1. Which condition from (1) more than 10 Å from every other protein chain (Cβ to nearest Cβ); (2) aliphatic (A, V, I, L, M); (3) loosely packed, with under 14 Cβ neighbours inside 10 Å is the one that A:ALA35 breaks?
2. Picking from B:ALA193, B:ALA127, which residue would you name as being farther than 22 Å from A:ASN20 by Cβ, modelled with pLDDT of 50 or more and more than 8 Å from chain A (Cβ to nearest Cβ)?
3. Only strands (runs of 3 or more DSSP E) wholly contained in the range B:139-190 count here; list those with 1 or more residues that are modelled with pLDDT under 80, within 22 Å of the chain's Cα centre (by Cα) and of a type in the set (Val, Ile, Thr).
4. Looking at this structure, is A:PHE15 at the interface with another protein chain (Cβ under 7 Å from one of its Cβ atoms), open to solvent by less than 10 Å² (accessible area, probe 1.4 Å) and touching a residue at least 12 places away in the same chain (Cβ under 8 Å)?
5. Of everything in the range B:1-19 that's of a type outside the set (D, E, K, R) and modelled with pLDDT of 75 or more, which residue is least open to solvent (accessible area, probe 1.4 Å)?
6. I'd like to know if the range A:43-60 contains one or more residues that are within 14 Å of chain B (Cβ to nearest Cβ), buried (at least 18 other Cβ atoms within 10 Å of the Cβ) and within 17 Å of A:ARG94 (Cα to Cα).
7. Checking the conditions here, which among A:SER33, A:SER37, A:SER114 is touching a strand residue (DSSP E or B) at 6+ places or on another chain (Cβ under 9 Å), polar (S, T, N, Q) and assigned to a helix (DSSP H, G or I)?
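The values are calculated or read from the model by the stated rules, or taken from the named source; none is laboratory data. No experiment lies behind these values; they were computed from the predicted model shown. All Cβ positions, even for glycine, are placed from backbone atoms using ideal geometry, and neighbour counts span all protein chains on display. For the accessible areas, the whole protein counts, side chains as well, though only heavy atoms, and no ligand, DNA or RNA atoms are used. Shrake-Rupley method; radii C 1.70, N 1.55, O 1.52, S 1.80 Å.
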Amino acid sequence: MSFEWPWQYNFPPFFTLQPNADTRQKQLEAWCSLALSYCRHHKLYTLDVMEAQESPMFNNKKIERKLSMEAIQIVFEELRKKGNLEWLDKNKLRCLVMWRRPEEWGKLIYQWVSKNGMVNSVFTLYELSNGDDTQGEEFHGLEEWMLLRSLQALQTDGRAEIISMDDGKGVKFF
Amino acid sequence: YKERGTVLAEDQIVQMSKQLETFKSNLEEFASKHKQEIRKNSQFRVQFQEMCATIGVDPLASGKGFWSEMLGVGDFYYELGVQIIEVCLALKHRNGGLITLDELHQRVLKGRGKYAQDVSQDDLVRAIKKLKAMGSGFGMIPVGGSYLVQSVPAELNMDHTVVLQLAEDHLLKEGLAWLDSQAAGEPQYWLPALFSELSSRDVTPEEANQMTP
C-alpha cells in the first residue's frame, strides 16, 4: 500500500517556515505527524539528516518545494521534545525515530506473548524480532536497539527480565 | 436676458420633475404587476435593480415601506442575508472567515433545496452589501474577476489588484495567509481558503483546526 500524503504536503507554503507564531505551531504539528507517519509506513527507525532533506518526506519534487535544513532541525527538535526522537551524535546528523514509543512496543510484545500462552518462557532477542513465530506481528523486524528499549520498559514494569546469554541477550516474561 | 434665462431654466426643471414623477409611477405599476416575477426570477431581479438604480431608488432601503410591502423584495434579500451568515459561520473554522463567492453560491443553493427560489451571484452580492451596511462584519474583496467574501472583521487593507501577492502584514498577522518563500521570483502569499484542494475535499474538523487559528 502506498503512503497517503496529507493534503498539506501539496500546499507550497507548507515547506516554508511560517513567520506567524500561531500558524507556525500548526505547521510544526503537521510536520511532526507527517514525519512519524512516513517513518512508520516505511519502517524507518533511524534517519540521516542529510539524506532526509532529499527524501520525499521533506522534498516534494512535484511542486518543487522542500524543507530547509533549518526547518528540518526545528521539526526534529519538536519530535525530540515529544519523546519520538533521539540524537545519536552530538552534531545532530543521525537520529533514532520512535514513531512508536518503547512503552507502546513493550505492550504489543507482551500481548503477543500472553496471547500465545508463552509467559514464563525465555526468548532470544532474535527470536522475537526475526523468528518465524512472530511473522506478521507488528514488532517483527523491529531493530535491536528499539526492541531492547521496549523490553527495558517492560522490565521496569516488572513484566519481563532481560538476561544475558552466550551469544547475546534474551528475555523472560512474567 | 437674465430673467428670461431663469424662466427657461425653471420651465425645464418643472418638465423634468413631471417626467420623473411619471416614470416613477410607471415603475411602481410595473413593480406591482411583476411582483411574482421578481421573487422567482433572478435574471429579472438584476434588470429590475438596474432600472431602479438609474432613477436613484433603492428597493432595499427600508424593511417597511412601499418596495418591501409591494414586492417583498426586501424580505427576499434579508432572508438571503441570514442564509449567507449561516454558511459563513458554519465554515469559519475551516477557512478563517474567507470564502469565495463561487463556493458561497454553491452552498447557499444546496441549503435552499430543489424547490426553492433561484438565487444568483448578483443576489448574493446585493445581500452582502446590505449586511455590510448593517455593520455585521461582512466585506467583499475583488479577486480575479470574482470576489472573496470576508465574514470576519479583520483589517484587510489592500489594493484589489494584488490580493494574492501582498497584504503581508495584515494577512500574515491574522493567520489568514501563509508565506511561500520558494516561489520563483518574489515571495508569495497563499490563502488556505482559496486552495482548491482544501475547499473541494471534505476536510474533517480536526484537519481543519490544524490549518487555521
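1. (3)
2. Only one candidate passes the filter, namely B:ALA127.
3. In the range B:139-190, the matching strands (runs of 3 or more DSSP E) lie at B:139-143.
4. When the stated conditions are applied, A:PHE15 passes them.
5. B:SER17
6. Yes - at least one qualifying residue is present in the range A:43-60.
7. When all the criteria are applied, what remains is A:SER114.
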